[in-house]
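J.: First, the structure itself, so that you have it in front of you.
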Amino acid sequence: MTSSLIRGRPRHATGHIAVRVGHAVLGGVAGVVWLVLPVMTSVTQDPVPVADGGAVAAARAADGAAATDYVLPLLAVAVAGALGGYGYVRRIRRARSRTTPGVLSPAPPAPTPADAERQARASLVLADDCVRTSREALGYVEATSAERALRAAETELTAAFAIWRRYEEGVPADDAGRRQALVGVVGRCAEAGRQLDAEAAGFDAEWEAGEVLAAAEGRFRRLAGRTGGVAAALAGAGERYGAAAVASVVGYVEQAKDRLVFATAQLNRARQSADSGDGDGFRRGVRAAEGAVAQAAVLLDGVERLAEELRTAAALVPAALTGAEAELAGLRGTALPPRLAHADAVLAGVRAEVTGGRYDPLDALRRVARAVEGTGGGRAGVIAAGAGLVARSALGAADDFVGTHRGAVGAEARALLAAARGAAPADADRLARKARELAERDVRAHGNPFTGEAAHGSGVAGAVLGGVLLGEEGNGGPVVAFGGPESRGRLG
């Protein structure tokens, strides 16, 4: 059988070896001819008559010179052999150290489970970012095919998060199954990105056909006019219900203003680019402004939504307390004395807060619902309504935070948030609150790579943190646009 090393030898290497062998053989032949030639000459010469003494001396000198004729041929043979041996040694060494495709090299190490997990996490974060950005972009243009692509991408992403969530819970348990689960996560995320990439060009065409600059400027002006009222609503809620009740949205008005500052600069740049005929600059400016305005809206809406949820919860708390006490009364005499005692203590504490003045109505509803749930009740009526309100509030708060800080939030927080969306109210509340906690931890650990007064004054730092810009360069990098991994950074 032919060796794999020989089969894989390049042709030019074989040619070099043949040349060296030819040189060695030619040198050897030349040496042999040189050795044999004097002998052949002496045999064919005619006998020479004996001469006088001078002639004899001359003949002896000639014999000595003939002997020296053997020295040069011997040297030629030696040199030829040395050259051939040197070529052979070089060939062997080169073959041993060669890294061309013809030589079998060690296969690259298989990815470790830790590597596969890191790839899955990165895929989840990237796909979630693409979906969120594309959803924001579709708020400015009606593109039916792009909307279908977004729904398909959301379906794939939901499945990917579900696989990842089971994986974190230890399902499947065998190594082969866990490797396949990670492959499934990466594959689902890739398909979500592919769906969005396929519609990026169509979205651009629809976007170009609209009055995009006028739409962005109009939304900007409306949001700028809202900031004062939203700030007043936040202050009023804090005074009425206490600082703890509004802690989840503290700083949101300032962040919204920061996004609007960035949008102002981008809209001005878009106007200038339009006047100068710079189409790329126009598109980049308008898209960046759209992304910043969309996030400013999320932040301001989050504050107003929380203020409304607090008012609704405050109206539900007295009825929830009464309903919970009635349910507990019906369970007296059952085999649940420890749980009933704990529930009684929780309800007594909530009632004391309600009668005492300022309190967090959403947290009060949460505690009432959990206290009754521990006894097997609370599945209907006002308690269930309160539990649903609490879950929706926690989900909205977590989603707003992740969306407006997605440049720093990792896969764990996003996966918990995805799991919370399909869970029962009590589980949804718990998962969403944990997701918010992890997201805040990620943001603290991430820090701010865009330091300095210029970055903050221009809003670039906030735009990078919010995922409006990719953050790959000192000026914030490309604008993130509708699309998947291959097209999202096309607006450089």
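What follows draws every value from the coordinates through simple rules; no lab data is involved. Bear in mind the structure is a predicted one, so any value in this text is a computation, not a measurement. Note: ideal-geometry Cβ built from the backbone for every residue, glycine included; neighbour counts use all protein chains shown.
J.: So how far apart, in nm, are the two label points at GLU325 and ASN268 if each is 7 Å from Cα heading toward Cβ?
T.: 6.1 nm
J.: Along the charge dipole of the stretch 336-392, pointing to its positive end and built from +1/-1 on Cβ of Lys, Arg, Asp and Glu, which listed residue (TYR359, ALA387, VAL372) has its Cα farthest out?
T.: Toward the positive end, the furthest listed residue is ALA387.
J.: How much FRET efficiency would the formula 1/(1 + (r/R0)^6) give for GLU254 and ALA122, where r is the Cβ-Cβ distance and R0 is 35 Å, rounded to 0.05? If you can, show how the numbers build up before the last one.
T.: Values: r = 31 Å, r/R0 = 0.89.
For GLU254 and ALA122, the calculated efficiency is 0.65.
J.: Assuming 0.36 nm per residue, please report the length gained on full extension of the stretch GLN180 to ARG421 beyond their Cα-Cα distance. Mind showing how you got there, number by number?
T.: Numbers: separation 241, 0.36 × 241 = 86.76 nm, distance 2.51 nm.
Stretched fully, the GLN180-ARG421 segment lengthens by 84.2 nm.
J.: Further question on the same structure: At 7 Å along Cα-to-Cβ for each site, give me the label-to-label distance between GLU147 and GLU486 in nm.
T.: Distance between the two pseudo-spin positions: 2.6 nm.
J.: Okay, moving on. Between beta-carbons, use under 10 Å as the cut-off and find the net charge around ALA143, counting Lys and Arg +1, Asp and Glu -1. It would help to have the intermediate numbers written out before the result.
T.: Working: positive: ARG148; negative: GLU142, GLU147, GLU199, ASP204, GLU206.
Every neighbour counted, the sum reads -4.
J.: Ok, one more. Set Lys and Arg Cβ to +1 and Asp and Glu Cβ to -1, take the dipole of the stretch 281-320 about its Cα centre, and tell me which of VAL286, ALA314, GLY302 lies farthest positive.
T.: Farthest towards the positive end: VAL286.
J.: Pop out the Kirkwood hydrodynamic radius of the stretch 309-404 from its pairwise C-alpha distances, inverse of mean 1/r, in Å to one decimal.
T.: 13.7 Å
J.: Ok, one more. Let's see if you can work this out: charge +1 on each Lys and Arg Cβ, -1 on each Asp and Glu Cβ, no other charges. What is the dipole magnitude of the stretch 336-378 about its Cα centre, in debye to the nearest 20? Intermediate values should be presented prior to the final figure.
T.: Numbers: 6 positive and 5 negative charges, 4 e Å.
Using Cβ point charges on Lys, Arg, Asp and Glu, the stretch 336-378 gives about 20 debye.
J.: Could you give the length gained by full extension between THR312 and THR112, i.e. 0.36 nm per residue of separation minus their alpha carbon distance, to one decimal place? Walk me through the numbers before you get to the answer.
T.: Details: separation 200, 0.36 × 200 = 72.00 nm, distance 5.10 nm.
Fully extending the segment from THR312 to THR112 adds 66.9 nm.
J.: Something else now. How many angstrom lie between the Cα centre of the stretch 293-343 and the Cα centre of the stretch 196-218?
T.: 43 Å
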